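A.B. asks: Sending over a structure as structure tokens; questions will come in a sec.
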Amino acid sequence: MTLYAVQKFLYELNRTPSLQTAYSNNRHAVLEPYDLTEEEQEALVAPDIGKLFHIGVNGQILMHFAAFHHIEWQDYLQRMRDGIATYGPVREGVYAMTTGIDEVVVAHNEAGGGSS
Amino acid sequence: MSLVFAGVCSHAPGITGRAHMADPEVRDRFYESFHQMSRDLHAAQPDALVIIAAEHFANFFMNNMPSFAIGMADTYEGPIEDPGWLGIQRRQVRGNRDISQRFIAEVMNSTDIAYAEEWKFDHGIMVPLHFLTPDYDIPVIPVNVNCQGPPLAPLHRAWAFGEAMRRACDALPERIAIIGTGGISHWPATPDSGKINKAWDHEFMRLWCANDKDALLNAEKYNDLQVYSDAGQGGFEIRTFITVAAAAGGAKGTVHFCEPIPIFAVSCTVATYDLA
């Protein structure tokens, strides 16, 4: 369908422990009630954080989804950057990217240095 | 009674979830400001804490998005986020349905709002409570201002909402505290996380302390397109700060802490109004 359906699923997943359990058991099955394209389904099943960011999922919804998958913070940020590099700019919504693909915004460890 | 405490603070999830990654010197000074705010809050002896957050799709979605909502339950739960990721264990949080219901009824005299007898807290409320009421000893009345799903209520409506809550405080016999939570400039949960417009933040907080209504509602400076450009999508959360400014009824404020901590993604902020 649209970005709306992707975000609706993630919104419900993020706040519903029983849906999280169902998703963990059978990712494809829990997506059936939602009107999603094949591309969207694949991104949600993988999960492909970069693709979801590219299609415009609100960062707050996506951040909680990444946390559910135990994706470490810097890895989460990098996956979004990789998504933009691979698929192109954010398609819609207010959670676009304003820095360059390789730009260091914040170090891995502020005290110890590193790159983003 | 009336409003006995008013302030604002940051609520970014990194404050608790990524504490180990921050510069400890700056982080600990920020935490101490939070702890002092907690002591001042308790010294005011509030019967309830109205906490105005810009939630992040924990309860409200674009199928039915209220601009303003107030909780009306005896218990809430949170966080919705993975507890290990946020650094805060999931738990029940005490509310007070009776105070909420009377507070809501008073607000409705002048402002249309939604109310909710179910409410799951996300970091927007859980992170501030972690510092301000670590024993969860003050009943909470959660309030949400939609800062996530455009179209967003204009700033002058957030101001009017704050004034309505002040009238409700004045009408109730209980002692009420109000704390707004959110960011100033920030680009949260994006690859730009950590980008901060420090000058913009300090100017906004200067106006907030002066409680300069006309300047805070300046349509040229703080319209959504300009805020998005200058302060990111996180900048939309100035609505919670503006709501508290209106509730403070002309009181002047003090910034106790406002410094960028990039791994927390914001200028971490603690500020209060002098209601005396």
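A.B. asks: May I ask you to list the aspartates and glutamates whose Cα is less than 14 Å away from that of B:Lys198, ignoring any residue fewer than eight positions away on the same chain?
C.D. replies: Excluding near neighbours in sequence, the set is B:Asp230, B:Glu259.
A.B. asks: If you restrict to DSSP beta bridges whose two residues both lie in the protein assembly as shown, what percentage is antiparallel, to the nearest 5?
C.D. replies: Here the share of antiparallel DSSP bridges comes out near 50 percent.
A.B. asks: Measuring from the lowest to the highest alpha carbon on each principal axis, how far does the protein assembly as shown reach, largest first, in angstroms?
C.D. replies: 57, 43, 40
A.B. asks: Relative contact order of chain A, please, whole-number percent, based on alpha carbon pairs below 8 angstrom and at least 6 residues apart.
C.D. replies: Averaging sequence separation for qualifying contacts and normalising by length gives 23 percent for chain A.
A.B. asks: Then there is this: Sort out for me the Cα centre separation of the stretch B:106-138 from the stretch A:1-62, rounded to whole Å.
C.D. replies: Going from one Cα centre to the other spans 28 Å.
A.B. asks: So, one more: Each residue of the stretch B:60-67 in turn: what ³J(HN,Hα) in whole Hz from Karplus with 6.51, -1.76, 1.60 and θ = phi - 60°, glycine and Pro shown as x?
C.D. replies: Here the 3J(HN,Hα) series is 10, 9, 6, 7, 5, 9, x, 6 Hz.
A.B. asks: Starting from 0.36 nm per residue, how many nanometres of slack lie between B:Lys252 and B:His42 once their C-alpha separation is accounted for?
C.D. replies: 73.6 nm
A.B. asks: Still on this structure: Normalised by the residues of chain B, what does the relative contact order come to in percent, with Cα pairs under 8 Å and at least six apart? Walk me through the numbers before you get to the answer.
C.D. replies: Values: 628 pairs, mean separation 85.8, N = 276.
Across chain B, relative contact order equals 31 percent.
A.B. asks: Starting from the Kirkwood radius over alpha-carbon pairs of the stretch A:3-87, derive D by Stokes-Einstein at 20 °C in a medium of 1.002 mPa s and give it in µm² s⁻¹.
C.D. replies: 168
A.B. asks: What does the highest-first list of A:43-55, B:81-93 look like by mean Cβ count within 10 Å? Kindly include the intermediate steps, with their values, before the conclusion.
C.D. replies: On the way: A:43-55: 21.4, B:81-93: 17.8.
Listed from highest to lowest mean packing, they are A:43-55, B:81-93.
A.B. asks: Given chain B, what percent of its DSSP beta bridges are antiparallel, to the nearest 5?
C.D. replies: 45
A.B. asks: Starting from the Cα of B:Lys120, draw a straight line to each of the lysines and keep only those under 25 Å, dropping any in the same chain fewer than 8 residues away.
C.D. replies: Output for B:Lys120: A:Lys8.
A.B. asks: Pop a pseudo-label 7 angstrom from the Cα along the beta-carbon direction at both A:His28 and B:Arg91 and give the gap in nm to one decimal.
C.D. replies: For the pair A:His28/B:Arg91, the computed spacing is 4.3 nm.
A.B. asks: While we're looking at this one, here's another question. Note the per residue figure in Å³ for the convex hull of the C-alpha positions in chain B.
C.D. replies: Numbers: hull volume 30.8 nm³, N = 276.
Taking the convex hull of the Cα positions in chain B, it is 112 Å³ per residue.
A.B. asks: Averaged over B:50-59, how many beta carbons belonging to a partner chain fall within 10 Å of each residue's beta carbon?
C.D. replies: On the way: counts 0, 0, 0, 0, 1, 1, 8, 11, 5, 2.
Mean shielding by partner chains, rounded to a whole number: 3.
Read-outs: derived from the displayed coordinates by stated rules, not from any lab. Since this is a predicted model, take the numbers as computed values, not measurements. Because the Cβ atoms are built from the backbone with ideal geometry, glycine has one as well, and the counts that use them run over all protein chains shown.
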